[in-house]
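Heads up: the structure comes next, in structure tokens.
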Amino acid sequence: MSTATATLPRGLVIARAWAGLGDAVAPLSNATGRPLTRTVKLILDPLVLRPVLHPEFAAGAVAVEHVDALRDRITGAGPVLAATASWFLVFKKERRRLRVTEGNPQDLYFQRCFELATEHGMPGQDAARTAAAVLAEVHAQEGPTVAGLREFVSDEATAYELTRLIEATWAATRRSPAPVPAPTAEFLATCAAAPDQALLHALVAAAAGSAGAADHDRPGVAHAHGLTDRDRPSRPALGARASKTNLPKPFDRSIVERLFTPLTNAFLRAGLADVPSLVRQEIDRSAGSWQLADEVSRVVMVLGREASAGLTGDPPTGDAQARLRSRWEREAYVHRVLRMPSSALHADVRGVREAYVRRLWVRLHGRELRGDTTAADQVWDVLDGVLRSVILDQRDRLRSLLEREAGS
């Protein structure tokens with residue numbers, strides 16, 4: 001292999017550079033001495049390596065001519081990273097003293113520690129006071145919390161009443177209207193370059209989004225969209241607990257699971273309603289077309305379903321399909337995965353449309369919770385942004401797979 005084409009696994013290069021920083025960064029490292037996954041995601045990538053500005057550091061494999069530069073960036077940031085690790089220990093001590101239990105400390109504090117390390121260096125005599133002030137700021141966000149949600153649904157009488165409400169709401173659900181001709185293709189043809197608010201209004205007025213969900217109660221339809229693992233959507237349970245790492249597909253989630261992720265983001269929940277209102281609104285939303293409340297959200301789901309149809313298979317038709325297909329096919333990792341003889345990531349690449357529709361639902365669900373409407377000039381940003389998000393997730397999974405293989 002020529003020097004021009006030789007590469008090294010990115011994770012291996014990072015691990016070797018990280019090892020040179022020694023015990024000073026141990027609080028940011030795992031048991032093997034490598035940087036924690038969150039260290040890479042929250043500190044090294046966005047604050048040290050900055051792959052958006054340095055694309056040569058972005059791929060799962062780094063060309064040999066860029067290895068020294070990547071290593072030098074990590075080595076050069078060594079003093080700040082050591083100070084970040086020390087600040088993180090201070091934060092954890094103050095967190096215990098203040099009996100704070102909400103949220104993951106790494107998610108909440110890593111970047112704040114890096115900021116303090118950049119500004120002040122190693123923690124000084126007033127470090128505890130500074131950490132306490134930042135903790136108060138981080139955890140003083142207004143709005144409902146996961147703890148409040150769990151407490152609300154754990155009351156036996158409340159849980160009984162809410163379960164009956166779910167049953168009654170689903171029993172009263174009206175079937176979506178039969179599909180009618182709607183100018184979805186016309187809107188998708190122009191929404192990226194010249195969005196037409198009148199066309200979007202026409203789609204909403206015609207209930208084109210609700211009509212697009214008319215066949216969800218037929219066996220296999222919602223499953224084919226990637227929204228459920230069941231043969232057809234069924235009434236959700238109230239639920240009691242949830243985990244970000246093990247959330248079911250959107251239509252299979254309990255009411256608690258549907259609200260869990262938004263409530264874990266301290267920066268987003270400030271604009272949300274109180275817990276009892278959120279739960280009752282979610283029960284009502286779960287029984288609607290696309291399990292969404294607003295017709296404009298349902299219309300965007302139909303637009304996204306149609307725009308994503310060109311991601312794989314037959315050549316795209318229309319401007320929106322062509323733009324999404326072009327973005328997808330430009331991704332080098334897509335071609336790399338498909339060249340692998342056997343990989344768990346093949347399903348990711350081949351199932352990109354289902355992943356896209358799921359992510360679109362999550363995005364629109366979050367917008368509804370916050371009360372954000374979607375205007376015509378925002379639709380393409382949403383549709384394109386969802387694909388970017390799916391791409392970043394799949395690229396991260398490929399990078400992690402390559403790093404594990406390199407480590408073994």
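Since every read-out is calculated from the coordinates, none of them should be taken as a lab result. Quick caveat, the model's predicted, so the values are computed rather than measured.
Things worth noting here:
- For segment 104-172 and segment 240-286, distance of Cα centres in Å: 14
- In the chain, the longest principal axis of the Cα atoms and the axis of helix 319-329 are about 30 degrees apart.
- Helical contribution to [θ] at 222 nm, DSSP H n ≥ 4, -39,500 (n - 2.57), averaged over the chain, rounded to 500: -17500 deg cm²/dmol
- Across Ser308, Ser326, Ser254, mean-square fluctuation computed from a Gaussian network of the chain (C-alpha pairs under 10 Å connected) peaks at Ser326.
- Mean separation of Cα contacts under 8 Å, 6 or more apart, over the residue count of the chain: relative contact order %: 17
- On Cα atoms only, tilt of 275-286 relative to the major axis of the chain in degrees: 50
- Two-decimal Rg to Rh for the chain - Kirkwood Rh, Cα set: 1.00
- Among Arg395, Arg38, Arg359: highest mean-square fluctuation, GNM of the chain, C-alpha pairs under 10 Å: Arg38
- Computed from backbone phi with θ = phi - 60° and the Karplus coefficients 6.51, -1.76 and 1.60, the 3J(HN,Hα) list for segment 306-318 is 6, 5, 7, 4, x, 5, 9, x, 4, x, x, 10, x Hz; x is used for glycine and proline.
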